[in-house]
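These notes are about the structure you will find just below.
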Amino acid sequence: MATAGAAGSRTYSFKVVLLGEGCVGKTSLVLRYCENKFNDKHITTLQASFLTKKLNITGKRVNLAIWDTAGQERFHALGPIYYRDSNGAILVYDITDEDSFQKVKNWVKELRKMLGNEICLCIVGNKIDLDKDRNVSVEEAESYSESVGAKHYHTSAKLNKGIEELFLDLCKRMMETAQAEERAKGNGASQSASSRRGVQIVDDEPQATPAGGCCSSG
Amino acid sequence: MSQRTERRGIHVDQSDLLCKKGCGYYGNAAWQGLCSKCWREEYQRVRQKQIQDDWALAEKLQREEEEAYASSHSVRDPQSAAGHAALAPFSKFEEKKTNEKTRKVTTVKKFFSPSSRTSSKKESPEGKTPSPSISRHASFDTDQVSKDFVEFLKNLHKPGREIHKQCRAFLMNMSSKKDLGADELSECVQDFYQSLADRLTGHFKGSSESVEQVMDQVEKYIMTRLYKSVFCPETTDDEKKDLAIQHRIRALHWVTIQMLCVSMDEEIPEVSENVLKAITDVIEMDSKRVPRDKLACITRCSKHIFSAIRITKNEPASADDFLPALIYIVLKANPPRLQSNIQYITRFCNPSRLMTGEDGYYFTNLCCAVAFIEKLDAQSLNLSPEEFERYMSGQASPRFSSSDGDWPDGAQGVGVAVTNPALAQLNHNLELLSGLCSRQEAVMEAAQSLQADLLSWSESVQREVRDILEKYPLEIKSSKVSAIDTNNVDNENLPSPIKPQVFAG
């Protein structure tokens, strides 16, 4: 799923899911990133649940598709349907809300269990403009993130802090993962070459089949 | 759905390449893993069986028709019997592989698909010929699609011909694989998509737009042709699932917009208009044949939901708003053959569209909505288990518990209208109708008085004319003025007429 076109095309297509409890600011985060607007009456998009962004990172084109998910507890069980085949996940919590951080931990466990290490995880403490009401300590969040192989970011959608960095970093990491995957495929070159030949047999031979069909029907 | 990830890679083992009959020659996936010789034997055998089956079926149909004809003379209501007999063979013909035991369910399916019924009628005359071929499935629709496809490929010149050849070969190939399971069929189609897309990428030098364009057309062409045999096939339990979800949604008819916490205010006319459009779109999905067109219906439905939320909340809809709203729409619409459609799209849609695009996102949400509806319980609606049970069993209804619990009669109607948007709409419409009625009466009255006016006017005109005639009677006085006329040629006042003179010559 990492690369759109196989050979020749250098455009990466990534799917990123946004997970987190309701009201932690998932939507504000993407809207700020894609529209650079916050709580604005003039936001032109009809919706903020599926957004795309085109990036150019070190000369490589990247198409980012950001999938928002419903954060209400009763939809939690639907998670796997959303994060299937995604390259990255952004797990958002509210730094003033200890509970939302616990939810993030649950998500991490689930994602690692279902998708292994192929998915790039970002844990995001949002609303740092409300630092005076902080209920999740920086040390705890960062050490936890490190322990599960995720990167931790602090953002504020309101003040537009840390968001560009978050997405840029994530893209770079996803590109690395995709390239590593390609290399791994390249190492088994003989394997893939033979399988490719197999494919070509499949789609070249049918030309012979109609002839056979005609003979037997006639 | 989960097998999608495995499908991406194509694993070919050395042993897989050999003929499955174990004759030692290399086999071929196009021949179901057999070598050319074994395949020919196998194919002949299957074909013979198919031909025999077809004959048997044709005979059976003949018999049944005769029976129906005979019974139509003895049964008291001959018309309905004849009508029944005429319908039954058609539906049976299309589903000729349907076993007797599943027949009952198939009729239910037929009931939900008027399109397939009509087209099967169209096919029936051709159907008498026992040789099975793809062309038999061709109806007007598919012909049109084929024409469009050829037209489109013409612009591509040589590669276009190649693509067309590939597609034809693939369809041929598929027509011999009808007995495979749905997952195998899906795999065949997906493999075809992938190999074609790879080749196209090579050809177009990585211009993903042109590749996509061609792939869309290929999908349209192939799936229109395959639709009948691969949509809700007998080998799966799609149909059972369809009925299950249909019953489930019907049982949940009492779920209100408040229970789902949907941020749409249906009191606003624009919102309710969008809701209706969304419902229409999601229902329309079933009528499309190409997976991409079905996806487009879901996308249109989603856009209407977004508009409705946007109007209500005046801010862009997030997934937190969208998913509950979609669930509400699905509950209200109860779209026909929902599971079959979802399975069909998952199995046969071009994967690049389904996985990353906007359409894919909305489709995923629809899958989520269906999953939620299937698992929905008291907790997910913030109800107590007892309440939930009572609503499910139909002993109580949340709609009327607020308004004294009985059905609205005329006087109460206004009170209920506040709680129920449908009733509000009804009352509104009734008002409109009574307004129209009184206006109609006014128009009739005016017309009658106009008629009376017209009558009296013509009378008065006649009277006036008569009066004037009486007052000024017509007198004809002889006039002294002479006029040139043939009758008074001899008038003495006139000079003598000129006589023609003859000149010499």
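Simple spin-label estimate for B:Asp179 and B:Glu42 gives 1.0 nm between the two label positions (7 Å along the Cα-to-Cβ direction from each Cα). Working note: Karplus 6.51/-1.76/1.60 with θ = phi - 60° gives the range A:88-102 the couplings x, 9, 10, 9, 9, 10, 9, 5, 8, 10, 4, 4, 5, 5, 4 Hz, where Gly and Pro are set to x. Per residue of peptide B:370-378, the mean number of Cβ atoms on other chains within 10 Å of the residue Cβ is 2. Only beta bridges with both residues in the range A:11-179 are counted; by DSSP, about 30 percent of them are antiparallel. Loop-located GluC sites (Glu not before Pro) across the range B:267-353 with a Cβ neighbour count of 16 or fewer within 10 Å are B:Glu267, with loop assigned by DSSP. Just flag the trypsin sites (Lys or Arg not before Pro) in the range A:27-135 sitting in loop per DSSP whose Cβ has no more than 11 other Cβ atoms within 10 Å. In loop regions of the range A:27-135 (DSSP not H, G, I, E or B), the sparsely surrounded trypsin sites (Lys or Arg not before Pro) are A:Lys41.
So for the range A:17-156, averaging the separation of alpha carbon pairs under 8 Å that are six or more residues apart and normalising by length, what relative contact order in percent results? Relative contact order for the range A:17-156 comes out at 25 percent.
Residues within the reach of a label modelled at A:Lys53 (point 7 angstrom out along Cα to beta-carbon, backbone nitrogen below 13 Å), restricted to the range A:25-40, are A:27-37. With a threshold of 19 Å on the Cα-Cα distance, the over-threshold entries among A:Lys26/A:Lys172; A:Lys60/A:Lys172; B:Lys228/B:Lys288 are A:Lys26/A:Lys172.
Its relative contact order, with pairs defined as Cα atoms under 8 Å and 6+ residues apart, puts the range B:238-393 at 31 percent.
Using only the Cα atoms of the range A:11-179, build the gyration tensor, take square roots of its eigenvalues as a ≥ b ≥ c, and label the shape rounded, prolate or oblate: rounded if a/c is under 1.5, else prolate if a/b is larger than b/c, else oblate. Here the range A:11-179 falls in the rounded category. Distant-in-sequence amide contacts of A:Leu51, defined by a placed amide H-H separation under 5 Å and a gap of 5 or more residues or a different chain, comprise A:Ile66, A:Asp68. Using a/c under 1.5 as the rounded threshold, could you call the range A:94-186 rounded, prolate or oblate? The axes a ≥ b ≥ c are square roots of the C-alpha gyration tensor eigenvalues, and prolate needs a/b larger than b/c, oblate otherwise. The shape class here is oblate. Take the accessible area of chain B alone and of chain A alone, subtract that of the pair, and you get about 4500 Å² summed over both chains, using a 1.4 Å probe. Modelled spin labels at B:Lys165 and B:Gln62, positioned 7 Å past Cα toward Cβ, are 4.3 nm from each other. Inter-label distance, B:Trp457 to A:Arg112: 9.3 nm, where each label sits 7 Å from its Cα along the C-beta direction.
Ranking B:Cys188, B:Cys368 by solvent-accessible area of protein heavy atoms (1.4 Å probe, all protein chains present), from largest to smallest, gives B:Cys188, B:Cys368.
Counting only other chain Cβ atoms within 10 Å of each residue's Cβ, the peptide A:18-31 averages 2.
As a test of reading the structure, rank B:Lys303, A:Lys26 by solvent-accessible area (1.4 Å probe, protein chains only), most first. Before the final figure, lay out each step's value.
On the way: B:Lys303 75, A:Lys26 5 Å².
Descending accessible area places them as B:Lys303, A:Lys26.
The values are calculated or read from the model by the stated rules, or taken from the named source; none is laboratory data. Quick caveat, the model's predicted, so the values are computed rather than measured. We place every Cβ from the backbone using ideal geometry, glycine too, and count neighbours over all the protein chains shown. With ligands, DNA and RNA removed, areas are computed over all heavy atoms of the protein, side chains included. Shrake-Rupley method; radii C 1.70, N 1.55, O 1.52, S 1.80 Å.
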